[in-house]
1. Please report, in cubic angstrom per residue, the volume enclosed by the convex hull of the alpha-carbon atoms of segment 5-91.
2. If the label point is 7 Å along Cα→Cβ of Met157, which residues in segment 63-80 have backbone nitrogen under 20 Å from it?
3. On full extension of the chain, what length is gained from His178 through Lys61, given 0.36 nm per residue of separation minus the C-alpha to C-alpha distance?
4. At R0 = 41 Å, how high is the FRET efficiency between Arg170 and Tyr23 if r is their beta carbon distance? Nearest 0.05 is fine.
5. Can you pull the Kirkwood radius for segment 1-49, inverse mean 1/r over Cα pairs, to one decimal in Å?
Amino acid sequence: MKVSQQLIQDCIKGDRRAQFQLYKSCFNVLMGVCIRYKKDESEAASVLNMGFLKILNNLEKYNPSAPFEAWIRRIMINTVIDEFRKNRKVRELIEHTDFSENGHLSKAVDYNTADQMFDAQRLELFIKKLPPVSQKVFNLYAVDGYSHKEIGEMLGMSDGTSKWHLSSARKKLQEMIHQAINASKVI
């Protein structure tokens, strides 16, 4: 994604056409970030608009020596995390599944088969089925590359809790993949 310095300067001056052009230029990148963290597209679009407003309000702080795409991604991730914190008390429910009742999966998943069977969209659907906190930790760690310490600071939890959510997310994803492979073998 390439954004000209002139477009950024016009946005800083308050030119609405330039701001709309910047929005169109950034939309796919920003929506890609939001859709990873939100269950549906309307929630993702709402957070995208909040984040884009923050981007516009802070454009004068942008350092042209840094990649613009990385800068806007960081703002968008912070916006998603801020929105999560704000709504945490209302939305967060602890979901506990006792996997000891199910026993351990006796068959290993053939990840070459899984790789052939599932495209990125299907894997994203699996990730969206994770509990909200585990989903956020998984995305921040596995997709966006944050450390457990950084995730803990962002979400207000310990490093160990972040590691637990990542481990739990991985186990649940493995189980979903295993179930999907077995279901396809039956058909």
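1. On the way: hull volume 7.9 nm³, N = 87.
About 91 Å³ per residue, rounded to a whole number.
2. Zone members listed by number: 77-80.
3. The His178-Lys61 span can extend by a further 37.4 nm.
4. Efficiency at R0 = 41 Å is approximately 0.70.
5. One decimal place: 11.6 Å for the Kirkwood radius.
None of the figures in this text is laboratory data; all of them are computed from the coordinates on show. Not measured: the values here are computed from a predicted model. Ideal geometry is used to build each Cβ from the backbone, glycine not excepted, and the neighbour counts take in all protein chains shown.
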